[in-house]
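The values are calculated or read from the model by the stated rules, or taken from the named source; none is laboratory data. On a predicted model such as this, the values are computed, not experimentally measured, just so you know. Every residue, glycine as well, gets a Cβ built from its backbone with ideal geometry; the counts of neighbours run over all protein chains shown. These area figures cover heavy atoms from the full protein model, side chains too; ligands, DNA and RNA do not enter into them. Shrake-Rupley method; radii C 1.70, N 1.55, O 1.52, S 1.80 Å.
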Amino acid sequence: MTGTQLLERDALGTLEAIAARIRRHVVDMCAGPEGGHLGGGLSCTDVLTALYFSVLDVDPRRPDDPHRDRFLLSKGHAALALYATLAERGFFPVEELAEFGRPGSRLMGHPVRAVPGVELPTGSLGHGLALGCGFALAARYADSPARSFVLLGDGELQEGSVWEAAIAAATLRLDRLVAVVDSNGLQLTGATKDIAPMEPLAERWRSFGWSVREVDGHDPALLAEHLDAAPWEPGKPSVLIARTVKGHGLPFLAGRPASHYVTLSPRNHSRALNALRATEGMG
């Protein structure tokens, strides 16, 4: 982490405090007329917080810096969590989050390049890891120390293209590539284990030639510690399996498929904010 990043984070508060603000933004956006992917946004908030406030070498004043680290939200439906993170990090004004999903807004349901800090459009599941391979390979050819990070959903791992990219990354020894799996155990139609079981997930990734770690996906400091240490083994890409809860922070929705896409009524919006205050000490 650069000295500037340390100063910025210290001014904003602890990683936990930053994550709490991001969750509140996610809840607020889901109270808009279009709603949003609430559950998957809340499950990956701590991962995004760790990356953008402790790990990634990025500068919101120079979002196209050729020497920056790259981040790809392969599970692009969690765009509202990425937007909230980018706004808190200073890529665009926090006030713009109120325009999420509105006609004419650049804050669409899936990330697009019009948003500062977004590398590529994503959301057609299964493509992000291959794009990350491309960024990692380009950095190698440019003799750049930049790392490439890709956040995937565990339901997304059912796409065969993910594993084609995993084979390519290991074969090419792309050890500057880091994948994070938001393993919340749920997808749109139910539990991932009931639809297409992937466990033992760590062994599956190891069999594809990756260095693997597992961690509590709601401990941003621990997430940052592991992610900042990558690559964990020379010549191997790294994957961090983050065990999370869909709808984390909202007891009335947490761990339920119903949290996948939600338009919060005024009553439930207030209920959600009160739950966040109670569970995360928000003022």
Worksheet entry | Residue ID - farthest from Glu203 (Cα to Cα), chosen from residues in segment 140-179 that are part of a strand (DSSP E or B) and out of contact with any Ser or Thr (no Cβ under 9 Å at 6 or more places or on another chain) | Ser148
Fill in: Residue list for segment 249-270, filter: in a helix (DSSP H, G or I) and in contact with a helix residue (DSSP H, G or I) (Cβ under 6 Å, 6 or more places away or on another chain)
Ser259
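What is the residue count in segment 223-242 for residues that are more than 13 Å from the chain's Cα centre (by Cα) and in contact (Cβ under 8 Å) with a residue 40 or more places away in the chain?
Number satisfying all stated conditions: 10.
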Worksheet, complete the sentence: When every residue in segment 79-107 that is touching a strand residue (DSSP E or B) at 6+ places or on another chain (Cβ under 9 Å) and farther than 13 Å from Val118 by Cα is compared, the one modelled with the lowest pLDDT is Gly101
Discussion item. Which pairs turn up if I take residues in segment 14-28 that are in contact (Cβ under 8 Å) with a residue 60 or more places away in the chain and of a type outside the set (A, V, I, L, M, F, W, C) and look for partners that are surrounded by fewer than 20 Cβ atoms within 10 Å (Cβ to Cβ) and not in a helix (DSSP H, G or I) with beta carbon separation below 8 Å, at least 6 apart in sequence or on another chain?
Written reply: Arg21/Met282; Arg24/Met282
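Inspect segment 198-215 for any residue being part of a helix (DSSP H, G or I), surrounded by 22 or more Cβ atoms within 10 Å (Cβ to Cβ) and without any contact (Cβ under 8 Å) to a residue 40 or more places away in the chain and give the result as yes or no.
In the first step, residues of segment 198-215 are kept if they are part of a helix (DSSP H, G or I); the result is 201-207.
Remaining after also requiring surrounded by 22 or more Cβ atoms within 10 Å (Cβ to Cβ): 205.
If we keep only those that are without any contact (Cβ under 8 Å) to a residue 40 or more places away in the chain too, we end up with 205.
Among the residues of segment 198-215, at least one is part of a helix (DSSP H, G or I), surrounded by 22 or more Cβ atoms within 10 Å (Cβ to Cβ) and without any contact (Cβ under 8 Å) to a residue 40 or more places away in the chain, which makes the answer yes.
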Worksheet, complete the sentence: The lone condition Leu137 fails out of (1) outside any loop (DSSP other than H, G, I, E, B); (2) closer than 22 Å to Ile241 by Cα is (2)
Discussion item. Quick check on my filter: what residues within segment 219-248 are out of contact with any strand residue (DSSP E or B) (no Cβ under 7 Å at 6 or more places or on another chain), open to solvent by less than 40 Å² (accessible area, probe 1.4 Å) and in a loop (DSSP other than H, G, I, E, B)?
Written reply: Gly235, Gly247
Fill in: Filtered residue count, segment 81-100, keeping only those that are open to solvent by 30 Å² or more (accessible area, probe 1.4 Å) and either touching a Phe, Trp or Tyr at 6+ places or on another chain (Cβ under 7 Å) or in contact (Cβ under 8 Å) with a residue 40 or more places away in the chain (or both)
3
Worksheet item: Scanning segment 107-141 for residues that are open to solvent by 60 Å² or more (accessible area, probe 1.4 Å) and touching a His at 6+ places or on another chain (Cβ under 7 Å), which turns out farthest from Ala84 (Cα to Cα)?
Response: Pro121
Discussion item. I'm trying to understand the selection: among the residues of segment 142-153, which are among the small types (Gly, Ala, Ser) and either buried (at least 23 other Cβ atoms within 10 Å of the Cβ) or modelled with pLDDT under 95 (or both)?
Written reply: Ser148, Gly153
Worksheet item: Which members of segment 254-273 meet the condition of being surrounded by 23 or more Cβ atoms within 10 Å (Cβ to Cβ) and within 22 Å of Gly190 (Cα to Cα)?
Response: Ser259
Practice prompt. Specify which of the listed residues (Asp46, Asp10, Asp65, Asp28) is at pLDDT 95 or above and either out of contact with any helix residue (DSSP H, G or I) (no Cβ under 9 Å at 6 or more places or on another chain) or in a loop (DSSP other than H, G, I, E, B) (or both).
Written response: Asp65
Worksheet item: Does Val262 satisfy the condition of being among the β-branched types (Val, Ile, Thr) and within 13 Å of Val180 (Cα to Cα)?
Response: no
Worksheet entry | For Asp69: the one exception among (1) farther than 17 Å from Gly132 by Cα; (2) surrounded by fewer than 23 Cβ atoms within 10 Å (Cβ to Cβ) | (1)
